[in-house]
2 protein chains.
Amino acid sequence: MRIGELAEQAGTTTRTLRHYESLGLLPARRAGNGYRTYDEADLRLLQQIRTLQDFGFSLEETRPFVDCLRAGHPAGDACPASLEVYRRKLAELDEVIERLRHVRDEVGLQLTRAELELAADLPGGPPPRCAFSPPDAGHVFSPPDTDQETSTP
Amino acid sequence: MRIGELAEQAGTTTRTLRHYESLGLLPARRAGNGYRTYDEADLRLLQQIRTLQDFGFSLEETRPFVDCLRAGHPAGDACPASLEVYRRKLAELDEVIERLRHVRDEVGLQLTRAELELAADLPGGPPPRCAFSPPDAGHVFSPPDTDQETSTP
DNA sequence: GCTGGCGTTGACGTCGACGTCAACGTCTAC
DNA sequence: GTAGACGTTGACGTCGACGTCAACGCCAGC
């Protein structure tokens with residue numbers, strides 16, 4: 001299998017494959033004419049890389065999985081080094097999600113507050129800023145909990 | 001106030017301020033010697049930019065807020081354009097958080113599964129792999145279209 | 001033998017928000 | 001008058017994962 005065929009089968013580009021090879025991630029055998037040659041095992045390596053990338057793994061993070069597969073294991077995550085990457089990624093995801101949730105809440109609060117102030121400024125007088133304080137206007141836009149998916153169609 | 005002083009007060013660098021100016025985000029008056037000159041209003045603009053950046057806003061996304069402040073409004077989010085940015089960012093955050101939560105769950109599943117298989121392989125026999133295979137284990141690892149790995153060789 | 005489609009290497013471009021020089025001007029203190 | 005701390009512009013570097021282009025080689029079919 002040549003590079004164009006492998007790229008097509010994996011739904012990627014030849015440039016990407018050459019990039020992976022330049023990183024030592026997916027080396028290729030060479031035919032007599034210098035053309036890169038791949039086999040089914042390479043396709044599986046490539047699929048492993050792409051799957052992890054879809055999960056947000058960097059190319060370097062996929063390396064243990066690829067090495068594991070090339071070492072003959074039936075799965076890329078059948079090696080301790082891969083599990084370590086899983087665990088690190090999991091912790092990283094938890095951190096990021098937590099931070100983003102906090103940011104989401106903050107932005108939601110700011111939006112609600114700014115909307116109220118704008119609504120108060122436009123029709124009425126300009127400075128009801130401190131004397132306003134509505135009792136239950138806080139739920140107008142987003143409740144404290146961060147679950148509003150699959151909402152009212 | 002000169003550039004170094006403003007940078008220090010805002011906890012940033014002179015390079016950053018020059019960068020903002022190159023984007024037209026934070027233009028500076030000039031003293032007779034060519035030095036940039038800033039005042040307290042500029043400090044507030046800069047603080048607005050930094051605050052939004054901490055929330056993950058790009059510099060372009062901060063522009064409506066800065067313009068709003070420069071237009072004389074008491075707050076950067078006292079203008080409709082700023083509210084639009086808030087809303088877009090909120091929707092974007094919801095999307096990203098949802099995606100990351102899904103990824104987190106998937107990675108967690110993979111980790112648990114891989115840990116179990118590793119524990120089963122080490123002490124006992126090597127190949128309980130095909131006898132293992134839960135009924136829906138095949139689709140665990142497939143975000144794109146055609147995907148068949150980690151099972152049924 | 002010539003066109004067209006594949007392949008090859010090398011090198012620069014992209015996006016964002018700056019970092020990091022280099023080479024020079026300005027101002028203050030000694 | 002000179003060191004040194006500040007300022008100036010210009011331009012290239014960084015990080016990641018490639019895209020894009022150039023200039024060329026290889027091979028099949030007509």
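Values for this structure:
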{"quantity": "Area hidden from solvent between A and B (accessible, protein heavy atoms only, 1.4 Å, total, Å²)", "calculated": "3600"}
{"quantity": "With every protein chain in place, region A:1-57: carbon and sulfur % of accessible area (1.4 Å)", "calculated": "46"}
{"quantity": "Peptide A:52-61, shielding by other chains (average Cβ, 10 Å cutoff)", "calculated": "3"}
{"quantity": "Shielding score for A:105-116, defined as the mean number of other chain Cβ atoms within 10 Å", "calculated": "5"}
{"quantity": "For B:90-97, mean number of other protein chain Cβ atoms within 10 Å", "calculated": "5"}
{"quantity": "Length released on extending from B:Gln9 to B:Thr37, taking residue separation times 0.36 nm less the Cα-Cα span", "calculated": "8.7 nm"}
{"quantity": "Theoretical gain in end-to-end length, B:Glu115 to B:Glu21 [0.36 nm per residue, Cα-Cα removed]", "calculated": "28.6 nm"}
{"quantity": "FRET E, pair A:Met1, A:Gln53, Förster distance 30 Å, beta-carbon r, rounded to 0.05", "calculated": "0.90"}
{"quantity": "A:Ser22 - accessible surface, heavy atoms, 1.4 Å probe, Å² rounded to 10", "calculated": "90"}
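The values are calculated or read from the model by the stated rules, or taken from the named source; none is laboratory data. The structure displayed is predicted, hence computed values, not measured ones. Note: ideal-geometry Cβ built from the backbone for every residue, glycine included; neighbour counts use all protein chains shown. Side chains included, ligands, DNA and RNA excluded: accessible areas come from the protein's heavy atoms. Shrake-Rupley method; radii C 1.70, N 1.55, O 1.52, S 1.80 Å.
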